[in-house]
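Participant: Quick one: the structure is below, and I'll ask about it shortly.
The values are calculated or read from the model by the stated rules, or taken from the named source; none is laboratory data. These figures come from a predicted structure and were not determined experimentally. Ideal geometry is used to build each Cβ from the backbone, glycine not excepted, and the neighbour counts take in all protein chains shown. Surface accessibility is based on the protein's heavy atoms, side chains included, excluding ligands, DNA and RNA. Shrake-Rupley method; radii C 1.70, N 1.55, O 1.52, S 1.80 Å.
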Amino acid sequence: MKSEKFATAIQFFLILNGLLFFFCIFAANSNISMMKKIVVLTGAGMSVESGLKTFRDADGLWENYPVSKVATHEGWEADPTLVTNFYNMLRKKCWGVQPNEGHKLVAKLEEQYDVTVVTQNVDNLHEMAGSSKVIHLHGELMKVCSSYNVDDPRYQIQLTPENCEIEPGTKAGDGSLLRPFIVFFGEAVPNITVAAEEVQEADILVIIGTSLVVYPAAGLMHYARPDVPIYLIDPNPISAGSRVTQIQKGASEGMKELMKILEK
């Protein structure tokens, strides 16, 4: 009799624990769904304060190299060794820098909001700062891939600080040369559709460090619903339309001001 009561108590305890577990999962998901969604679109100005030069500079140079030679498919075809060594150099430089205050404040938004970062930058400073959902539009510097099948995950390799150089001539699993996992000028932007869908769902859109002239990324703003507030953080005056509130400061100081606005 005692053993039967004990077994019944154990069963009741297990059922109660199960119900508690599912309640916690439901509560956590409900909390996430109740959070407002912020999409943060970042450009080169986001990383300038960390000491990285812009990917798409107005002077046509990138780290003193002509963009046409290191960031186009034609440049890759003409001299893959030059391109491979260029990105090896960039990776070494990137591992030596740290996220700035702007990156950290973007990550901090996740404490109160459901945040998606859509970045035009190829560095991983958003991830280093703690942002958990980052969509890279122009590729990722810390990856290499097949030159035949750029978007095939089977042939993509994630590099590390200890192993961030690729020997020119190294081949991918499909027999092609390993190339930087970068969207070269003139190539399609595979993540643009995913990014547009994120902007369509946003309750708040924040744009940092981009002049809104590089398409298709510049067109993402127009996917925001008409009632969605848009904040643009950039030290240079930018004509972006009447629905955009510009904070004319750099990434870090601009994010500090935005945090104050959002607290109101």
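Participant: Please give the contour-minus-distance gain from HIS222 to MET259: 0.36 nm per residue of separation, less the Cα-Cα distance, rounded to one decimal in nm.
Facilitator: The span from HIS222 to MET259 would gain 11.0 nm if fully extended.
Participant: Run the paramagnetic zone check for LYS53: 7 angstrom along Cα to Cβ, then residues of segment 69-112 with backbone nitrogen under 17 Å.
Facilitator: Those under the cut-off are 69-72, 82-97.
Participant: At 1.4 Å probe size, with every protein chain present, just tell me what the per residue accessible area of segment 132-263 comes to in Å².
Facilitator: 50 Å²
Participant: Could you calculate the contour length gain from GLU74 to ASN149, that is, 0.36 nm times the residue separation minus the distance between their Cα atoms, to one decimal place in nm?
Facilitator: 25.3 nm
Participant: Oh, and also: Using the Cα centre as the reference, give the magnitude of the dipole from point charges on the C-beta atoms of segment 123-218 (Lys, Arg: +1; Asp, Glu: -1; all else neutral), rounded to the nearest 20 debye.
Facilitator: 200 debye
Participant: Using the structure shown, select from LYS93/LYS249; LYS108/LYS143; LYS104/LYS264 the pairs with a Cα to Cα distance greater than 23 angstrom.
Facilitator: Over 23 Å apart, Cα to Cα: LYS93/LYS249; LYS108/LYS143.
Participant: Please give the peptides 248-258, 226-236 ranked by average Cβ packing (other Cβ atoms within 10 Å per residue), highest first, as a rough proxy for protection.
Facilitator: In decreasing order of mean packing, 248-258, 226-236 become 248-258, 226-236.
Participant: Once you place label points 7 Å from the Cα toward the Cβ at GLU201 and LYS249, how far apart are they in nm?
Facilitator: Once both label points are built, they end up 3.1 nm from each other.
Participant: Check GLY139: other-chain or 5+ apart residues with amide H under 5 Å from its amide H, H built from backbone geometry?
Facilitator: VAL183
Participant: With a ≥ b ≥ c the root eigenvalues of the C-alpha gyration tensor of segment 187-234, is it rounded (a/c under 1.5), prolate (a/b larger than b/c) or oblate?
Facilitator: Oblate is the answer for segment 187-234, as a/c is 1.5 or above yet b/c matches or exceeds a/b.
Participant: Keeping the other protein chains in place, figure out the carbon and sulfur percent of the accessible area of segment 145-264, with a 1.4 Å probe.
Facilitator: In segment 145-264, the share of accessible area belonging to carbon and sulfur is 50 percent.
Participant: Which length gain, in nm to one decimal place, applies between GLU162 and PHE185 when the Cα-Cα distance is subtracted from 0.36 nm times their residue separation?
Facilitator: Full extension from GLU162 to PHE185 adds 5.4 nm.
Participant: In segment 114-162, how does Rg compare with the Kirkwood Rh, expressed as the Rg/Rh ratio over alpha carbon atoms?
Facilitator: 1.00
Participant: Over 20 Å apart: what share of the alpha carbon pairs of segment 175-264 falls there, rounded to a whole percent?
Facilitator: Value for segment 175-264: 45 percent of Cα pairs lie more than 20 Å apart.
Participant: Give me, ordered by chain and number, the residues 5 or more places off LEU178 or on other chains with an amide H under 5 Å from its own placed amide H.
Facilitator: Under 5 Å from the amide H of LEU178: THR170, LYS171, ALA172.
Participant: Follow-up question, since we're still on this one. Give me, ordered by chain and number, the residues 5 or more places off LEU41 or on other chains with an amide H under 5 Å from its own placed amide H.
Facilitator: VAL118, VAL206, ILE207, ILE208
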